[in-house]
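See below for the structure under consideration.
Read the figures in this text as sums done on the coordinates, not as results from a lab. Note that the structure is predicted; figures quoted are calculated from it, not measured. Neighbour counts are summed over all protein chains in view; Cβ atoms, including those assigned to glycine, are modelled from backbone coordinates with ideal geometry.
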Amino acid sequence: MRTNYKKRETHIKLGKFIQKARLEQKLTQLLLAEACSCNVKFIGAIEQGRAGLPWIMSEPLSKILKINHFELNFKILASRLDLKVDRNISKAVKLMSDSHDLQAILKSYSEASPASKARFVQGALELLVDEKVNL
């Protein structure tokens, strides 16, 4: 099976972000895996961009690594949607941190089924296109 290069590239960026945060906290992959109740090989796969980061791990990871939970969720979302967000991440994190509506949307999205997530993304993109046309 061939991996989509663009998708892999976004997973690599997310993995490097996780690895950097882990090293800043002076944690080994083993300690992080134990703290997250997962396998050390899985942590390694995430850090190397060979595996995506499941939503369910975002909250424990953000606490353990002392990183902004919304920034991590945004990076996870970006890696899943192949968004290029590095330049505007601080603006997006501030917006998400200040907006209870966006926090509720992100929480609901993270708990939704894959089919619901796909419908949400399609609907959101259509709304944004319609708004641009009506401006």
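Structure above, values below:
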quantity: Single condition PRO60 does not satisfy, out of (1) within 25 Å of ILE105 (Cα to Cα); (2) not in a helix (DSSP H, G or I); calculated: (2)
quantity: Subset of segment 35-58 [surrounded by 14 or more Cβ atoms within 10 Å (Cβ to Cβ) and farther than 15 Å from SER79 by Cα]; calculated: ALA35, CYS36, CYS38, VAL40, PHE42, ILE43, GLY44
